[in-house]
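I have placed the structure first, in the form of structure tokens, so that the comments after it can refer back to it.
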Amino acid sequence: MSKILSEGVWNKPLALDDEHSLVLDGQHRMEAAKRMGLKWVPAVCYRYADVDVWSLRPNHSFDWQLVTQRALAGTPYPYKTVKHRFPGDGLPACHFHLDEMMQ
């Protein structure tokens, strides 16, 4: 939040799945937006089946369907367990001034 406030701009969108609006990337940015009282944030929606998922933790094996099922059941994987690689060049850059996002 302090980085966003000090720069005065939002430069990375949230990544959401297109079916349930689950946050695939940007949970901390979303929480910061809530605390700052922003009215909207930029987001990119992905078809989850098109996103590569994996874990850096050796004891975890899953696919996007299992990740979705657990998230919808209210039992998401622990923080930093699920990693995502987005199609193409990944998340696009953006540049919105915070005052625009408070309206």
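The values are calculated or read from the model by the stated rules, or taken from the named source; none is laboratory data. Just so it is clear, the structure is predicted and the values come from calculations on it, not from any experiment. Heads up, the Cβs are rebuilt from the backbone with ideal geometry, glycines too, and the neighbour counts pull from every protein chain shown. Protein only, heavy atoms only, side chains kept; ligands, DNA and RNA dropped before computing areas. Shrake-Rupley method; radii C 1.70, N 1.55, O 1.52, S 1.80 Å.
Observations on the structure shown:
- Breaking point among (1) touching a Phe, Trp or Tyr at 6+ places or on another chain (Cβ under 9 Å); (2) at pLDDT below 95; (3) closer than 29 Å to TRP10 by Cβ, for ALA93: (1)
- Positions within the range 89-103 being in a loop (DSSP other than H, G, I, E, B) and either free of Cβ contacts under 8 Å to residues at least 40 places away in the same chain or touching a Gly at 6+ places or on another chain (Cβ under 8 Å) (or both), in sequence order: ASP89, GLY90, MET102
- Against the conditions (1) open to solvent by 80 Å² or more (accessible area, probe 1.4 Å); (2) charged (D, E, K, R); (3) within 30 Å of ASP99 (Cα to Cα); (4) at pLDDT 95 or above, ARG47 satisfies every one except (3).
Listed here are the residues, each with its yes/no results for (1) without any contact (Cβ under 8 Å) to a residue 40 or more places away in the chain; (2) among the β-branched types (Val, Ile, Thr).
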{"position": "LYS39", "(1), (2)": "no, no"}
{"position": "VAL51", "(1), (2)": "yes, yes"}
{"position": "ASP63", "(1), (2)": "yes, no"}
{"position": "LEU66", "(1), (2)": "yes, no"}
{"position": "PRO78", "(1), (2)": "yes, no"}
{"position": "LYS83", "(1), (2)": "yes, no"}
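- Within the range 1-41, tally of residues that are in a loop (DSSP other than H, G, I, E, B), under 17 Å from PRO87 (Cβ atoms) and either in contact with a Ser or Thr (Cβ under 8 Å, 6 or more places away or on another chain) or open to solvent by 90 Å² or more (accessible area, probe 1.4 Å) (or both): 3
- Scanning the range 6-22 for residues that are in contact (Cβ under 8 Å) with a residue 60 or more places away in the chain and touching a strand residue (DSSP E or B) at 6+ places or on another chain (Cβ under 6 Å), we see that the one that is farthest from THR68 (Cα to Cα) is VAL9.
Yes/no matrix, rows are residues, columns are (1) modelled with pLDDT under 95; (2) farther than 12 Å from ASP99 by Cα:
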site: LYS3; (1), (2): yes, yes
site: SER6; (1), (2): yes, yes
site: LEU14; (1), (2): no, yes
site: GLU19; (1), (2): no, yes
site: LEU24; (1), (2): no, yes
site: HIS28; (1), (2): yes, yes
site: ALA32; (1), (2): no, yes
site: LEU38; (1), (2): no, no
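- Candidates are the residues of the range 56-75 that are modelled with pLDDT of 95 or more and of a type outside the set (A, V, I, L, M, F, W, C); the one that is most open to solvent (accessible area, probe 1.4 Å) is GLN69.
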